[in-house]
1. Kindly express, to the nearest 10 degrees and within the range 0 to 90, the angle between helix 312-324's C-alpha long axis and the longest C-alpha principal axis of the chain.
2. Run the 1.4 Å probe and let me know the accessible area of residue 27, rounded to the nearest 10 Å².
3. Counting only protein chains, not ligands or nucleic acids, how are 207, 179, 286, 259 ordered by accessible area (probe 1.4 Å), most first?
4. Pick out, in residue order, every one of the GluC sites (Glu not before Pro) in the stretch 150-227 that is DSSP loop and has at most 14 other C-beta atoms within 10 Å; say none if there are none.
5. Give the long-range amide H neighbours of residue 32: residues separated by 5 or more places, or on another chain, with amide H under 5 Å away, using H modelled in the peptide plane at 1.01 Å from N.
6. Give me the accessible area of residue 263, 1.4 Å probe, in Å² rounded to the nearest 10.
7. How much of the accessible area of the stretch 207-296, probe 1.4 Å, is carbon plus sulfur, in whole percent?
8. Can you classify the stretch 187-299 as rounded, prolate or oblate using the Cα gyration tensor, where a ≥ b ≥ c are the square roots of its eigenvalues, rounded means a/c under 1.5, and otherwise it's prolate if a/b beats b/c and oblate if not?
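The values are calculated or read from the model by the stated rules, or taken from the named source; none is laboratory data. These numbers were taken from a predicted model, which means no experiment stands behind them. Positions of Cβ are backbone-derived with ideal geometry, glycine not excepted, and every protein chain shown enters the neighbour counts. When the accessible area is computed, the model is the full protein with side chains, heavy atoms only, and any ligands, DNA or RNA have been set aside. Shrake-Rupley method; radii C 1.70, N 1.55, O 1.52, S 1.80 Å.
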Amino acid sequence: MTPSQMSNVVILGVETSCDDTSAAVLLNGTDLRSHVISSQITTHQKYGGVVPEIASREHSLHFQPVVQQALDEAKITFRDLSAIAVTYGPGLVGSLLVGVSGAKAMAYAAGVPLIGINHLEAHIYANFLEHQDLQFPLLALLVSGGHTHLILFEAHARYKVLGHTRDDAAGEALDKVARTLGLAYPGGPQIQRVAQEGDAQAFTFPRAMLEPDSLDFSFSGMKSAVLNTLNSARMRGEILSVPDIAASFQQAVVDVLVRKTLMAIKRTRVKTLLLAGGVAANSLLRESLEETMSQQGVRLVYPSPIFCTDNGAMIATAGYYHYLVKDFAPWTLNANPGLNLG
Ligand code: KG4
Ligand code: ZN
(Lines give C-alpha, C1' and ligand atoms only; values in the text may rest on other atoms or scores of the structure.)
(Ligands and ions follow the chains in the order given, each with its own letter.)
Protein backbone atom coordinates (compact mmCIF):
# COMPACT_ATOMS: atom_id res chain seq x y z
CA MET A 1 0.00 0.00 0.00
CA THR A 2 1.42 3.43 -0.94
CA PRO A 3 1.73 6.23 1.66
CA SER A 4 -1.11 8.21 0.05
CA GLN A 5 -3.44 5.26 0.45
CA MET A 6 -2.52 4.99 4.14
CA SER A 7 -4.70 8.01 4.94
CA ASN A 8 -7.64 6.32 3.27
CA VAL A 9 -10.28 4.19 4.93
CA VAL A 10 -9.25 0.53 4.86
CA ILE A 11 -11.82 -1.90 6.27
CA LEU A 12 -11.31 -5.60 6.91
CA GLY A 13 -14.75 -7.26 6.76
CA VAL A 14 -15.26 -10.75 8.19
CA GLU A 15 -18.29 -12.99 7.86
CA THR A 16 -18.98 -16.31 9.65
CA SER A 17 -22.74 -16.29 10.30
CA CYS A 18 -23.61 -19.56 8.55
CA ASP A 19 -21.45 -21.86 6.41
CA ASP A 20 -19.08 -19.45 4.63
CA THR A 21 -15.89 -18.17 6.23
CA SER A 22 -15.08 -14.98 4.37
CA ALA A 23 -12.81 -11.95 4.66
CA ALA A 24 -12.35 -8.92 2.43
CA VAL A 25 -10.23 -5.78 2.39
CA LEU A 26 -12.04 -2.70 1.09
CA LEU A 27 -10.47 0.66 0.36
CA ASN A 28 -12.71 3.76 0.58
CA GLY A 29 -15.97 1.84 0.29
CA THR A 30 -15.68 0.76 -3.33
CA ASP A 31 -12.17 -0.51 -4.11
CA LEU A 32 -12.18 -4.19 -3.21
CA ARG A 33 -8.53 -5.10 -2.66
CA SER A 34 -9.13 -8.76 -1.77
CA HIS A 35 -12.02 -11.13 -1.20
CA VAL A 36 -11.60 -14.67 0.14
CA ILE A 37 -14.49 -17.11 0.65
CA SER A 38 -14.04 -20.57 2.14
CA SER A 39 -17.30 -22.45 1.55
CA GLN A 40 -18.40 -25.43 3.64
CA ILE A 41 -21.07 -26.57 1.16
CA THR A 42 -19.45 -29.92 0.35
CA THR A 43 -19.07 -30.69 4.07
CA HIS A 44 -22.77 -30.07 4.80
CA GLN A 45 -24.15 -31.47 1.54
CA LYS A 46 -24.19 -35.05 2.80
CA TYR A 47 -26.50 -34.01 5.66
CA GLY A 48 -28.89 -32.11 3.34
CA GLY A 49 -28.37 -28.82 5.21
CA VAL A 50 -26.04 -26.92 7.52
CA VAL A 51 -25.08 -28.78 10.72
CA PRO A 52 -24.42 -25.96 13.25
CA GLU A 53 -21.78 -27.77 15.34
CA ILE A 54 -19.78 -28.74 12.24
CA ALA A 55 -20.13 -25.21 10.85
CA SER A 56 -18.57 -23.57 13.92
CA ARG A 57 -15.70 -26.08 13.97
CA GLU A 58 -15.02 -25.42 10.29
CA HIS A 59 -15.01 -21.66 10.92
CA SER A 60 -12.48 -22.16 13.74
CA LEU A 61 -10.22 -24.04 11.33
CA HIS A 62 -10.51 -21.59 8.44
CA PHE A 63 -10.93 -18.19 10.09
CA GLN A 64 -7.28 -17.28 10.60
CA PRO A 65 -6.00 -18.55 7.20
CA VAL A 66 -8.85 -16.80 5.37
CA VAL A 67 -8.11 -13.47 7.12
CA GLN A 68 -4.38 -13.83 6.48
CA GLN A 69 -4.99 -14.58 2.79
CA ALA A 70 -7.22 -11.49 2.49
CA LEU A 71 -4.51 -9.29 4.03
CA ASP A 72 -1.79 -10.88 1.87
CA GLU A 73 -3.75 -10.48 -1.36
CA ALA A 74 -4.43 -6.83 -0.48
CA LYS A 75 -0.70 -6.48 0.29
CA ILE A 76 -1.35 -4.96 3.71
CA THR A 77 -0.83 -5.85 7.36
CA PHE A 78 -3.05 -5.25 10.40
CA ARG A 79 -1.23 -1.92 10.90
CA ASP A 80 -2.74 -0.54 7.67
CA LEU A 81 -6.36 -1.13 8.75
CA SER A 82 -8.74 1.66 9.75
CA ALA A 83 -11.23 -0.76 11.37
CA ILE A 84 -12.42 -4.37 11.46
CA ALA A 85 -16.09 -5.04 10.69
CA VAL A 86 -17.72 -8.32 11.68
CA THR A 87 -21.17 -9.90 11.42
CA TYR A 88 -22.63 -10.26 14.93
CA GLY A 89 -26.09 -11.52 13.90
CA PRO A 90 -28.41 -12.97 12.83
CA GLY A 91 -27.09 -16.46 12.22
CA LEU A 92 -25.91 -19.62 13.97
CA VAL A 93 -24.61 -18.72 17.41
CA GLY A 94 -21.54 -20.98 17.30
CA SER A 95 -20.59 -19.70 13.85
CA LEU A 96 -21.12 -16.05 14.80
CA LEU A 97 -19.00 -16.46 17.93
CA VAL A 98 -15.95 -17.53 15.92
CA GLY A 99 -16.10 -14.35 13.84
CA VAL A 100 -16.99 -12.00 16.69
CA SER A 101 -14.29 -13.25 19.07
CA GLY A 102 -11.71 -13.44 16.27
CA ALA A 103 -12.48 -9.91 15.04
CA LYS A 104 -12.45 -8.55 18.59
CA ALA A 105 -9.04 -10.07 19.31
CA MET A 106 -7.60 -8.76 16.01
CA ALA A 107 -9.02 -5.26 16.46
CA TYR A 108 -7.81 -5.03 20.05
CA ALA A 109 -4.33 -6.26 19.14
CA ALA A 110 -4.12 -3.95 16.11
CA GLY A 111 -5.46 -0.96 18.07
CA VAL A 112 -8.23 -0.25 15.57
CA PRO A 113 -12.00 0.16 16.11
CA LEU A 114 -14.34 -2.81 15.95
CA ILE A 115 -17.58 -2.46 13.97
CA GLY A 116 -20.54 -4.79 14.57
CA ILE A 117 -22.53 -5.51 11.43
CA ASN A 118 -26.10 -6.75 11.04
CA HIS A 119 -25.88 -9.47 8.37
CA LEU A 120 -29.23 -8.47 6.83
CA GLU A 121 -28.19 -4.86 6.48
CA ALA A 122 -24.91 -6.02 4.91
CA HIS A 123 -26.75 -8.02 2.23
CA ILE A 124 -28.43 -4.78 1.17
CA TYR A 125 -25.17 -2.83 1.36
CA ALA A 126 -23.63 -5.26 -1.15
CA ASN A 127 -25.42 -3.05 -3.70
CA PHE A 128 -23.37 0.00 -2.65
CA LEU A 129 -20.14 -1.82 -3.48
CA GLU A 130 -20.82 -1.88 -7.21
CA HIS A 131 -23.22 1.07 -7.51
CA GLN A 132 -21.82 4.23 -5.96
CA ASP A 133 -24.49 6.50 -7.45
CA LEU A 134 -27.44 5.22 -5.39
CA GLN A 135 -29.75 8.00 -4.19
CA PHE A 136 -32.15 7.72 -1.24
CA PRO A 137 -34.98 6.88 -0.78
CA LEU A 138 -34.44 3.25 -1.79
CA LEU A 139 -36.66 0.20 -1.54
CA ALA A 140 -34.92 -3.11 -0.80
CA LEU A 141 -36.17 -6.64 -1.38
CA LEU A 142 -34.03 -8.88 0.80
CA VAL A 143 -34.48 -12.56 -0.05
CA SER A 144 -32.15 -15.02 1.65
CA GLY A 145 -32.19 -18.45 3.26
CA GLY A 146 -33.45 -17.08 6.56
CA HIS A 147 -35.24 -13.84 5.69
CA THR A 148 -37.64 -12.23 3.24
CA HIS A 149 -38.10 -8.50 3.86
CA LEU A 150 -39.30 -5.40 2.03
CA ILE A 151 -37.47 -2.41 3.49
CA LEU A 152 -37.73 1.31 2.85
CA PHE A 153 -34.35 3.04 3.20
CA GLU A 154 -34.72 6.76 3.82
CA ALA A 155 -31.01 7.35 4.49
CA HIS A 156 -27.98 5.39 5.70
CA ALA A 157 -28.99 3.57 8.91
CA ARG A 158 -32.56 4.94 8.66
CA TYR A 159 -34.95 2.29 7.44
CA LYS A 160 -38.44 0.94 7.95
CA VAL A 161 -39.47 -2.71 7.47
CA LEU A 162 -42.62 -2.63 5.32
CA GLY A 163 -43.17 -6.37 5.20
CA HIS A 164 -41.54 -9.66 6.11
CA THR A 165 -42.25 -13.36 5.94
CA ARG A 166 -44.62 -14.75 8.55
CA ASP A 167 -43.17 -18.26 8.24
CA ASP A 168 -40.58 -19.68 5.83
CA ALA A 169 -38.16 -17.41 4.00
CA ALA A 170 -38.16 -17.68 0.19
CA GLY A 171 -34.74 -19.40 0.16
CA GLU A 172 -35.78 -21.75 2.94
CA ALA A 173 -38.88 -22.83 0.97
CA LEU A 174 -36.76 -23.38 -2.17
CA ASP A 175 -34.24 -25.41 -0.12
CA LYS A 176 -36.97 -27.58 1.45
CA VAL A 177 -38.72 -28.28 -1.86
CA ALA A 178 -35.36 -29.07 -3.48
CA ARG A 179 -34.56 -31.52 -0.71
CA THR A 180 -37.89 -33.32 -1.22
CA LEU A 181 -37.14 -33.50 -4.95
CA GLY A 182 -33.81 -35.18 -4.14
CA LEU A 183 -31.72 -32.18 -5.19
CA ALA A 184 -28.51 -31.20 -3.41
CA TYR A 185 -28.08 -28.47 -0.77
CA PRO A 186 -28.35 -25.50 -1.19
CA GLY A 187 -31.55 -26.03 -3.10
CA GLY A 188 -32.15 -22.60 -4.66
CA PRO A 189 -29.43 -22.86 -7.33
CA GLN A 190 -30.44 -26.50 -7.99
CA ILE A 191 -34.10 -25.54 -8.49
CA GLN A 192 -32.97 -22.83 -10.91
CA ARG A 193 -30.76 -25.30 -12.83
CA VAL A 194 -33.36 -28.09 -13.05
CA ALA A 195 -36.18 -25.64 -13.85
CA GLN A 196 -34.48 -24.75 -17.14
CA GLU A 197 -35.65 -28.12 -18.49
CA GLY A 198 -39.15 -27.83 -17.02
CA ASP A 199 -42.52 -26.28 -17.81
CA ALA A 200 -43.46 -23.52 -15.34
CA GLN A 201 -47.16 -23.93 -16.28
CA ALA A 202 -47.23 -27.69 -15.61
CA PHE A 203 -48.47 -27.26 -12.01
CA THR A 204 -50.50 -24.41 -10.56
CA PHE A 205 -49.19 -23.93 -7.06
CA PRO A 206 -50.88 -21.31 -4.86
CA ARG A 207 -49.55 -17.75 -4.68
CA ALA A 208 -50.01 -16.68 -1.04
CA MET A 209 -50.83 -12.95 -1.06
CA LEU A 210 -52.35 -12.70 2.49
CA GLU A 211 -54.58 -9.66 3.23
CA PRO A 212 -55.15 -7.36 0.21
CA ASP A 213 -52.97 -4.53 1.56
CA SER A 214 -50.35 -6.66 3.31
CA LEU A 215 -46.70 -6.49 2.30
CA ASP A 216 -45.93 -9.61 4.36
CA PHE A 217 -45.03 -12.93 2.78
CA SER A 218 -45.93 -16.55 3.52
CA PHE A 219 -44.12 -19.36 1.72
CA SER A 220 -44.88 -22.24 4.05
CA GLY A 221 -48.30 -23.07 2.52
CA MET A 222 -46.87 -22.83 -0.99
CA LYS A 223 -44.12 -25.27 -0.01
CA SER A 224 -46.69 -27.63 1.57
CA ALA A 225 -48.74 -27.56 -1.64
CA VAL A 226 -45.73 -28.97 -3.51
CA LEU A 227 -45.11 -31.62 -0.87
CA ASN A 228 -48.81 -32.63 -0.96
CA THR A 229 -48.74 -32.86 -4.76
CA LEU A 230 -45.69 -35.12 -4.58
CA ASN A 231 -47.15 -37.31 -1.82
CA SER A 232 -50.51 -37.75 -3.59
CA ALA A 233 -48.73 -38.73 -6.80
CA ARG A 234 -46.54 -41.19 -4.90
CA MET A 235 -49.64 -42.83 -3.37
CA ARG A 236 -51.15 -43.20 -6.83
CA GLY A 237 -47.87 -44.73 -8.02
CA GLU A 238 -47.27 -41.82 -10.40
CA ILE A 239 -43.87 -40.26 -10.95
CA LEU A 240 -43.97 -36.52 -11.52
CA SER A 241 -41.44 -34.59 -13.57
CA VAL A 242 -38.86 -33.01 -11.24
CA PRO A 243 -38.04 -30.21 -13.75
CA ASP A 244 -41.77 -29.36 -14.10
CA ILE A 245 -42.25 -29.21 -10.31
CA ALA A 246 -39.08 -27.13 -9.89
CA ALA A 247 -40.06 -24.71 -12.68
CA SER A 248 -43.65 -24.35 -11.41
CA PHE A 249 -42.60 -23.76 -7.80
CA GLN A 250 -39.84 -21.32 -8.78
CA GLN A 251 -42.43 -19.42 -10.84
CA ALA A 252 -44.88 -19.30 -7.91
CA VAL A 253 -42.21 -17.94 -5.52
CA VAL A 254 -41.02 -15.36 -8.04
CA ASP A 255 -44.60 -14.27 -8.84
CA VAL A 256 -45.29 -13.53 -5.15
CA LEU A 257 -41.99 -11.68 -4.69
CA VAL A 258 -42.61 -9.55 -7.78
CA ARG A 259 -46.26 -8.78 -6.96
CA LYS A 260 -45.50 -7.73 -3.37
CA THR A 261 -42.53 -5.63 -4.48
CA LEU A 262 -44.71 -3.91 -7.07
CA MET A 263 -47.26 -3.11 -4.33
CA ALA A 264 -44.48 -1.61 -2.18
CA ILE A 265 -43.18 0.45 -5.11
CA LYS A 266 -46.65 1.83 -5.85
CA ARG A 267 -47.19 2.62 -2.17
CA THR A 268 -43.84 4.33 -1.55
CA ARG A 269 -43.28 5.79 -5.07
CA VAL A 270 -39.58 5.01 -4.65
CA LYS A 271 -37.66 5.08 -7.93
CA THR A 272 -34.83 2.64 -7.13
CA LEU A 273 -35.20 -0.98 -6.06
CA LEU A 274 -32.30 -2.88 -4.49
CA LEU A 275 -32.39 -6.66 -4.67
CA ALA A 276 -30.31 -8.48 -2.06
CA GLY A 277 -29.61 -11.86 -0.41
CA GLY A 278 -28.83 -15.31 -1.77
CA VAL A 279 -32.09 -15.66 -3.74
CA ALA A 280 -31.20 -12.39 -5.52
CA ALA A 281 -28.84 -14.57 -7.58
CA ASN A 282 -31.90 -16.22 -9.16
CA SER A 283 -32.11 -15.30 -12.83
CA LEU A 284 -35.91 -15.68 -13.15
CA LEU A 285 -36.38 -13.29 -10.21
CA ARG A 286 -33.95 -10.78 -11.71
CA GLU A 287 -35.54 -10.95 -15.17
CA SER A 288 -39.12 -10.72 -13.84
CA LEU A 289 -38.31 -7.77 -11.58
CA GLU A 290 -36.38 -6.09 -14.38
CA GLU A 291 -39.42 -6.31 -16.67
CA THR A 292 -41.94 -5.18 -14.04
CA MET A 293 -39.77 -2.36 -12.70
CA SER A 294 -38.91 -0.97 -16.13
CA GLN A 295 -42.67 -0.70 -16.85
CA GLN A 296 -42.91 1.44 -13.68
CA GLY A 297 -39.90 3.58 -14.58
CA VAL A 298 -38.06 2.12 -11.57
CA ARG A 299 -34.35 1.33 -11.68
CA LEU A 300 -33.49 -2.19 -10.49
CA VAL A 301 -30.08 -2.72 -8.92
CA TYR A 302 -28.60 -6.02 -7.77
CA PRO A 303 -25.16 -7.25 -6.79
CA SER A 304 -23.05 -9.63 -8.88
CA PRO A 305 -23.93 -13.24 -7.90
CA ILE A 306 -20.78 -13.61 -5.74
CA PHE A 307 -21.93 -10.65 -3.61
CA CYS A 308 -25.52 -11.99 -3.30
CA THR A 309 -24.71 -15.03 -1.18
CA ASP A 310 -22.81 -14.67 2.11
CA ASN A 311 -19.49 -12.85 1.69
CA GLY A 312 -17.00 -10.65 3.52
CA ALA A 313 -17.11 -7.85 0.92
CA MET A 314 -20.66 -6.90 1.91
CA ILE A 315 -19.59 -6.78 5.58
CA ALA A 316 -16.68 -4.50 4.69
CA THR A 317 -19.00 -2.28 2.62
CA ALA A 318 -21.52 -1.89 5.45
CA GLY A 319 -18.56 -1.39 7.79
CA TYR A 320 -17.30 1.51 5.67
CA TYR A 321 -20.58 3.44 6.15
CA HIS A 322 -20.53 2.75 9.92
CA TYR A 323 -16.91 3.94 9.98
CA LEU A 324 -17.82 7.25 8.34
CA VAL A 325 -20.15 8.09 11.24
CA LYS A 326 -17.82 6.51 13.84
CA ASP A 327 -20.41 3.91 14.78
CA PHE A 328 -18.02 1.58 16.60
CA ALA A 329 -18.84 -1.44 18.77
CA PRO A 330 -17.78 -1.83 22.40
CA TRP A 331 -15.34 -4.62 23.34
CA THR A 332 -18.35 -6.33 24.94
CA LEU A 333 -19.90 -6.95 21.49
CA ASN A 334 -21.53 -10.37 21.52
CA ALA A 335 -23.06 -12.68 18.94
CA ASN A 336 -26.80 -12.08 18.57
CA PRO A 337 -28.30 -15.02 16.64
CA GLY A 338 -31.82 -13.52 16.62
CA LEU A 339 -30.82 -10.00 15.54
CA ASN A 340 -33.40 -8.45 13.20
CA LEU A 341 -33.75 -5.28 11.18
CA GLY A 342 -35.14 -2.10 12.74
O1 KG4 B 1 -27.96 -14.93 1.71
P2 KG4 B 1 -27.62 -16.36 1.77
O3 KG4 B 1 -26.32 -16.81 1.16
O4 KG4 B 1 -27.62 -16.89 3.24
C5 KG4 B 1 -28.49 -16.41 4.20
O6 KG4 B 1 -28.19 -15.33 4.78
O7 KG4 B 1 -29.54 -17.07 4.37
O8 KG4 B 1 -28.83 -17.10 1.08
C9 KG4 B 1 -28.84 -18.48 0.93
C10 KG4 B 1 -30.11 -18.85 0.20
C11 KG4 B 1 -30.33 -20.36 0.13
O12 KG4 B 1 -31.67 -20.61 0.50
C13 KG4 B 1 -30.10 -20.67 -1.33
O14 KG4 B 1 -30.82 -21.78 -1.76
C15 KG4 B 1 -30.54 -19.39 -2.00
O16 KG4 B 1 -30.06 -18.37 -1.16
N17 KG4 B 1 -29.98 -19.22 -3.34
C18 KG4 B 1 -30.73 -19.21 -4.48
C19 KG4 B 1 -29.83 -19.07 -5.55
N20 KG4 B 1 -28.56 -18.97 -5.04
C21 KG4 B 1 -28.68 -19.07 -3.69
N22 KG4 B 1 -32.05 -19.33 -4.65
C23 KG4 B 1 -32.52 -19.30 -5.91
N24 KG4 B 1 -31.71 -19.17 -7.00
C25 KG4 B 1 -30.38 -19.05 -6.87
N26 KG4 B 1 -29.61 -18.93 -7.96
ZN1 ZN C 1 -26.88 -14.19 4.21
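1. That works out to roughly 60 degrees.
2. Probe radius 1.4 Å; accessible area of residue 27 about 10 Å².
3. On the way: 207 65, 179 150, 286 30, 259 110 Å².
Solvent-accessible surface, decreasing: 179, 259, 207, 286.
4. Numbers: sites: 154, 172, 197; in loops: 197.
Within the stretch 150-227, the qualifying GluC sites (Glu not before Pro) (loop, at most 14 other Cβ atoms within 10 Å) are 197.
5. Placed amide hydrogens put 27 under 5 Å from residue 32.
6. Ignoring ligands and nucleic acids, residue 263 comes out at about 50 Å².
7. Details: 1940 of 3860 Å².
Of all accessible area on the stretch 207-296, carbon and sulfur atoms account for 50 percent.
8. Numbers: a/c = 2.77, a/b = 1.78, b/c = 1.56.
Because a/c hits 1.5 or more and a/b exceeds b/c, the stretch 187-299 counts as prolate.
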